[in-house]
Structures are given as structure tokens and as C-alpha cells.
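Here the structure comes first, spelled out in C-alpha cells, and everything after it is commentary.
The values are calculated or read from the model by the stated rules, or taken from the named source; none is laboratory data. Computed from a predicted model, the values in this text were never measured in an experiment. Positions of Cβ are backbone-derived with ideal geometry, glycine not excepted, and every protein chain shown enters the neighbour counts. The area values use the complete protein model at the heavy-atom level, side chains included, leaving out ligands, DNA and RNA. Shrake-Rupley method; radii C 1.70, N 1.55, O 1.52, S 1.80 Å.
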Amino acid sequence: MTAHEVRLCGLLLREHFGEVVERVGTHLLKSGAQNLRTIVHETGPSVDLVKKSLCVLVQHGVCLFSSGRKGPGSPMEYQTSCNWILRILRYPRYIYTAKTLYGDTGELIIEELLQRGHMTMSTTVKTVADRLTQNMEEGRSMDYSEVSTAFSKLVETHFLQRCPPPAGAGAGTTDSTTPAPSVTPGTPAAPVSTAQPAAESFPDCYNVPHMTLIGRGKRQLASEDGEDQRNAKRARIDSETHGDEGIYWQVNFERFHLHFRDQAIISAVANKLDQTSSEIVRTMLRMSEVTTSPTATCTKPLSANEIFRSLPASYNISRPILDQYLTLLVDDPMEFVGKAGESGGGMYVVNLHRALANLARATLESVVQERFGSRSARIFRLLLRKRHLEQKQVEDFAMIPAKEAKDMLYTLLSQNLVQLQEVPKTPDYAPSRTFYLYTVNQLPTARMLLQNCYKTVANLIERRLFETKESKRLLEKSQRIEAILASLQASGAEPEQLTEVEEMITAPEKQQLEALRLHINKLDSAENQVDETIFLLESYVNSTATPTS
């Protein structure tokens with residue numbers, strides 16, 4: 001955990017949960033596991049505010065608590081991790097992936113669960129059906145059964161999983177729709193969403209309960225806009241029973257990360273070779289989704305016959321063509337696909353860790369090219385391939401004049417992208433009798449670039465928050481006018497009235513708003529692009545730390 005990671009985590013917590021939660025979260029990151037009394041003493045807010053902050057963190061799966069280190073009877077201790085908090089940065093990508101795979105219904109299911117931390121299936125289905133109905137034409141509504149089907153599909157493909165059961169039998173569970181402020185530290189139901197369980201941590205992890213929920217989504221009436229009415233309605237809904245009480249669901253982040261990894265490999269194959277090759281690799285990854293461990297270096301071996309039978313008919317790939325493509329993939333220098341045997345027409349695997357290493361390597365080369373130019377990138381690639389070279393050898397192999405090559409090497413060396421290794425001929429390390437070899441250590445370089453990415457995202461978030469704060473008055477005015485317009489349109493107002501309200505924002509203010517929205521969209525887009533690089537580098541770094549299986 002570095003200063004850049006802590007700063008980024010603090011910004012994410014502040015943006016999503018407020019300043020008090022940020023203070024508590026960053027304190028836990030810096031200090032490690034601590035009990036409630038120590039947290040209150042060292043952070044400053046009241047006991048009640050700290051309790052509520054911890055409840056929010058626990059509810060969203062970014063804080064874990066356990067019995068104290070001093071043994072039974074000692075106060076509960078709370079701890080958090082940068083990895084859990086940094087997942088917040090990827091929320092838009094999780095939601096977009098669900099929309100791509102399962103449409104608007106899947107998108108809203110994932111969005112609700114990310115916003116609330118964990119929920120029961122019945123509550124999720126009703127909330128999503130109501131939201132979908134609200135956006136439908138008058139007279140149409142979304143059936144609960146359609147949302148339940150989409151929810152079941154997400155569970156079947158392991159994108160959703162049950163929260164681990166409470167520690168104590170018969171322990172009460174809190175309402176999942178909002179973090180309950182009355183929960184005291186030590187309530188056994190709280191760690192439901194904080195444990196980071198493996199997919200098979202308990203037998204019912206992906207077992208969808210039978211739910212007695214029949215009906216259709218309801219539109220929110222204008223009279224229900226008040227907070228009191230909404231709370232009263234929610235209390236009435238929560239009092240109903242549907243057969244799934246106490247069974248809470250959460251997003252399976254690891255499954256999403258495996259999907260992102262697979263998509264990155266498929267996209268790389270498509271760019272390197274062609275679309276047909278990428279579809280063959282996609283089929284291989286889909287066939288081995290269930291049988292391959294998330295930390296495995298490669299997929300389980302698949303025979304060419306199995307791959308041929310599993311290819312969608314729309315591809316129109318004959319068996320001889322498939323064999324040619326598999327041979328092409330095996331012979332490719334990137335080594336995305338490897339051959340593991342000859343039985344069944346040939347046994348093939350997707351080299352997951354090697355693919356991640358090659359993708360990380362391509363990312364490093366791209367960064368060097370963008371920052372220092374194509375000639376520096378040529379030297380960087382040369383050192384990656386040849387491992388150790390003297391300056392004269394770099395000049396000759398890269399075909400770059402001596403003066404330019406020297407400047408480029410020293411620039412890369414000053415940025416820690418290239419390392420210099422001394423190999424002495426004699427014990428006295430005399431310069432005249434020492435070889436000076438340039439080299440690139442891919443893993444430390446990837447770690448350094450990852451830290452730079454954390455710093456970049458934190459700067460982007462700070463800039464976005466600053467821009468929003470500077471134009472706060474104008475944004476609030478725009479929101480008020482939009483609310484008035486929506487209310488007038490709902491009540492069937494005359495066009496003249498609507499025009500009069502729209503003219504409350506002057507032309508210069510409209511231009512300022514448009515420029516601000518364009519700038520904010522650019523910053524959001526940059527955040528998402530940097531996050532893709534972060535994911536790729538994190539996956540590579542984690543793959544090097546994982547024992548082979």
C-alpha cells in the first residue's frame with residue numbers, strides 16, 4: 001500500500017460516501033486493524049458518526065471486522081484494504097458489462113446492488129421492476145417474473161453470489177436497503193458483505209431460493225415524492241414476506257474481473273491476428289470458464305474435436321480451417337494458445353498468465369512510445385528481447401546514432417524504465433574493467449507504472465471535483481429549472497409556460513454549462529481509460545505473485 005493508493009481510496013470514499021466515511025476509511029488504511037474506541041479517539045468524529053461510517057463501509061464490502069487480537073472478550077477490530085476500496089473505481093465498468101450481456105434489466109440489478117451493498121432478491125426485483133416501469137410508456141409495466149429471470153441468469157453465470165451466512169445461528173439481519181445506523185459493533189450479521197469468499201466457500205453460494213413474488217412494477221406517483229412517504233412505503237414493502245428473507249446477494253467482483261481478463265485476451269488476439277482467431281479463443285475460454293481456477297496459469301486442456309463441436313454454427317469454420325487456425329495461434333510469438341498433447345486431434349490450452357505478461361509488456365512499450373517517441377520505444381523493445389546489452393550494442397542493434405542512443409538511454413534510466421547493471425572483471429570495480437549492461441525488469445517497471453496510474457486517476461478525480469465545485473451555483477440552478485420543467489410537463493402545461501421557464505437560463509450560462517459538461521465527460525472518459533490500464537497491470541502483477549496450479 002502506497003501513498004498514491006491511500007490518496008485515491010480517500011477520494012473515492014469522499015465522493016461516494018462523504019467526508020466522515022473518508023476520514024474513518026483512510027485512518028483504517030494507514031493504521032491497520034483497530035477497535036471502535038481507538039478509531040473514535042484518533043479520527044475526531046462522535047461515536048455515533050463513526051458507528052454509522054463503519055456500517056456504511058461494512059454494508060458495501062470494503063470493511064471487515066473480527067474479534068480482537070487479545071482473545072475472547074476483547075473489543076471487535078475493524079480493518080479495510082485498498083483493493084476492496086479501489087473496486088469502486090470500476091463500478092461503471094461492472095454496470096456497462098451487465099448491460100452488454102443482459103440488457104437494461106441486468107444493468108439495473110447490478111447498479112442497485114452496487115449502490116446498496118447487498119440486498120435480498122425480492123427487494124432487488126421489486127426495485128428494478130419499478131424503475132423500468134417508470135421509464136415505460138403509459139399503460140405498460142415490467143413483470144416481476146422477467147426481472148427474476150434476469151437475476152437468475154446473473155446467478156447462473158456467477159456474476160452474483162449469496163453473501164456468506166451470519167456467524168451466529170439465529171442472529172438477526174439488518175435491512176439491506178440502507179446501512180442501519182443502530183447496528184452496534186459486534187452485530188454478527190454485519191460481515192455478510194465484507195468477507196471475500198471463494199466461489200465455493202459454502203454450498204448454497206449460487207442457489208437461487210424459491211420466491212413467492214407475483215405482480216408488476218408500479219409507477220411512482222407525484223404525491224409520493226416526499227421522503228416521509230417513500231420511507232413509509234418502503235417499511236410496508238419490507239414487512240411483506242416472499243420466501244427469501246435473510247438471504248442476501250452481492251456482486252461477485254472476481255467473476256467480473258475474469259470476464260474483463262478474457263475480453264482483453266480476445267481483443268488482443270483480434271488485433272494481432274484476425275476476428276476468426278479471436279472467436280476460436282473466445283470459444284475456448286467459454287468452454288473452460290467453470291473448470292479453470294481463477295488463479296490457474298492456463299485453462300484446462302481442450303481437444304480440437306471439442307472446440308470444433310462448441311463453435312457456434314454462424315462462424316462457418318470447417319474442421320481443416322480450424323486446425324490451421326489453431327496451428328497459427330500456437331506458432332504465434334505472443335503464445336496466447338499452447339499445445340498440451342496430441343489426443344483428440346490435439347489438446348490445446350489458453351496461456352492466461354503468459355497472455356497477461358504480453359499484454360502488460362505491450363502496455364509498457366506503448367507508454368514509452370507516447371512519452372519518449374518511437375526511437376526510445378525501439379530501444380525499450382530491444383532491451384526487453386535481448387535482456388542485457390551494452391551501450392555500443394544498443395546503438396548497433398537499434399541503428400541509432402551514438403549520441404542520440406546515449407541521450408535516450410539516460411532519459412529512460414532517469415525515469416526508472418531502464419536499469420543499469422554492472423558486471424566487473426576484477427573485484428575493485430574499476431570503470432575500465434567493468435561491463436555496463438542496460439536491461440529492463442518488466443515486473444518492477446509495471447509496478448511503477450501502476451503507481452503512476454493511481455496518481456493520474458486521483459488527479460483526474462480532484463480536477464473533476466474542483467470543476468464541479470467552481471460551477472456549483474450554476475449546476476444547482478440548472479437542476480432546479482429541469483425539475484420545474486419536468487413538473488410542468490407532467491401536469492400538461494402550455495408550450496409558452498415551458499419556454500418561459502427555459503429562458504430563465506441565459507445564453508452565456510447555457511454555453512458555460514455545455515463547456516462544463518463536455519469537460520466533465522472528458523475527465524470521466526479519461527478515468528475509465530486509465531482504469532483499463534490499471535486492471536491490466538494489476539492482473540499481471542497478481543499473476544506473478546500467485547502460485548502456479
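Here Lys425 is the anchor, and the lysines within straight C-alpha reach of less than 28 Å, apart from those fewer than 8 places off in the same chain, are Lys386, Lys392, Lys403, Lys406.
Inter-label distance, Arg375 to Thr291: 5.3 nm, where each label sits 7 Å from its Cα along the C-beta direction. Listed by chain and number, the lysines placed with their C-alpha closer than 20 angstrom to that of Lys218 are Lys126, Lys233; residues fewer than eight positions away on the same chain are left out. Can you give the percent of C-alpha pairs in the chain whose distance is more than 40 Å? Result for the distance tail: 39 percent. Once the C-beta distance of Lys392 and Ser414 is scaled by a Förster radius of 25 Å, the resulting FRET efficiency is 0.75 to the nearest 0.05.
Just check the stretch 464-548 against the gyration tensor rule for me: Cα atoms, a ≥ b ≥ c as the square roots of the eigenvalues, rounded for a/c under 1.5, and otherwise prolate or oblate depending on whether a/b exceeds b/c. Because a/c hits 1.5 or more and a/b exceeds b/c, the stretch 464-548 counts as prolate.
Computed from the C-beta positions of Asn83 and Glu42 and an R0 of 30 Å, the FRET efficiency is 0.80 to the nearest 0.05. Modelled spin labels at Ser31 and Lys469, positioned 7 Å past Cα toward Cβ, are 2.5 nm from each other.
The label-point distance for Val501 and Gln529, in a model that sets each label 7 Å from Cα toward Cβ, rounds to 3.8 nm. Once the chain from Ala490 to Glu254 is taken as fully extended at 0.36 nm per residue, the excess over their C-alpha distance is 80.6 nm.
Computed with a 1.4 Å probe over protein heavy atoms only, the accessible surface of the stretch 1-82 comes to 47 Å² per residue.
With r as the distance between the Cβ atoms of Thr434 and Ile481 and R0 = 51 Å, compute the FRET efficiency 1/(1 + (r/R0)^6) and round to 0.05. Taking R0 as 51 Å, the efficiency between Ile481 and Thr434 is 0.10. Label 7 Å along Cα→Cβ of Lys522; the stretch 459-495 residues with amide nitrogen under 20 Å? Once the point is set 7 Å along Cα→Cβ of Lys522, 459-472, 475 turn out to lie under 20 Å by backbone N, inside the stretch 459-495.
3J(HN,Hα) along the stretch 374-379: 5, 5, 5, 5, 5, 5 Hz, from the Karplus curve 6.51 cos²θ - 1.76 cosθ + 1.60 with θ = phi - 60°, whole Hz, x for Gly and Pro.
How large, in percent, is the carbon and sulfur part of the accessible surface of the chain at a probe radius of 1.4 Å?
Values: 14630 of 28420 Å².
Carbon and sulfur: 51 percent of the exposed surface of the chain.
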